[in-house]
Amino acid sequence: MQRAAQRDDRAQRHQRAKRLRRVLVCAAAVPAVLITAACSSDSGDSKGKSGAESSPQSAGGSSSQPSASASPTVQAAAYAKLPDACAVLSKKTLTDLVPESGKSGKKGSSDEPSSRASCSWNSLDNNGVKGSQFRWLNVSLLRFDSDVTRGSGDEQAHTYYARQVKDAQSVDGAKNTKAIPLSGTGAEATAVRYDLKKKEGLFKQQTVVARVENVVVTVDYNGAGLAGEKTPDADDLTKAAEKAVKEVVASVSSANGAGGAASSPASPSKSASPSGAPSKSPSKSASAGASASKSAAKDS
């Protein structure tokens, strides 16, 4: 009986010991679970925070990107058309400059009414055995459209104007070349004069170049005394050419209305700008005048 009681007592102690171990194991497991849960929670929070922080950066990055730029524009050309080149001079002016021309000029073969035009007149005053007075007059007009690639019409016209003046001072065989800036004639103007010796005689050449807004006006005027006739006075020819260019500039403005200015910008479009194919240079014009004098010399 006593041993049985001892066995029961040992069995009870053994059962209590097992329960105590289970309690201790469970107690030890609880902190580990809590720690793991805490770590998982912290990790989630940090990911959330980093996501929240990166989101504004992303938004800021997208907002800082430059937006699509607006289409480029350029100031519209002031003048949209040209007058008839053969009608830009008054009858009185034609009578003074080319008295024997018959008043009807010869239009240029490459005229494009909206962008370029030219007209020329020949005059031969035949005095028989005393010789002849020859005059040749040419008016050319070149208009430039505004273009986003080449620039405004005014800028293109200025560039061409400067080139015309330079060309007029660089004619082969020219002597006594002189360039005279003019005032009161368009936006800018220059008269270039020189002597050109030909077998028919000594030619006095005057080339007056003027720019009015986006149009360049070139007046070539030369004279010669043929077959013994007296050589014309260069000062008189220059004054006559300057008078002519003023009339042409006024005709250009008149053809486009009062001032003819346009204020709206031009968008990219097909340009009628003739910048790629300029009109005859002064040197070619002078040569044309000289060649015309050959037939005049034969008739004198």
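A simple spin-label model places pseudo-atoms 7 Å from Cα toward Cβ; at residue 159 and residue 104 they are separated by 4.0 nm. Computed over protein heavy atoms with a 1.4 Å probe, the carbon and sulfur contribution to the accessible area of the range 107-222 reaches 45%. Which entries in 178/204; 199/230; 198/239; 91/204 show an alpha-carbon gap greater than 20 Å? From 178/204; 199/230; 198/239; 91/204, over 20 Å: 198/239; 91/204.
Here r is the Cβ-Cβ distance between residue 239 and residue 81 and R0 is 25 Å; the resulting FRET efficiency, rounded to 0.05, is 0.25.
The values are calculated or read from the model by the stated rules, or taken from the named source; none is laboratory data. Model, not experiment: these values are computed from the prediction. Glycine gets a Cβ as well: all are built from the backbone with ideal geometry, and neighbour counts include every protein chain shown. When the accessible area is computed, the model is the full protein with side chains, heavy atoms only, and any ligands, DNA or RNA have been set aside. Shrake-Rupley method; radii C 1.70, N 1.55, O 1.52, S 1.80 Å.
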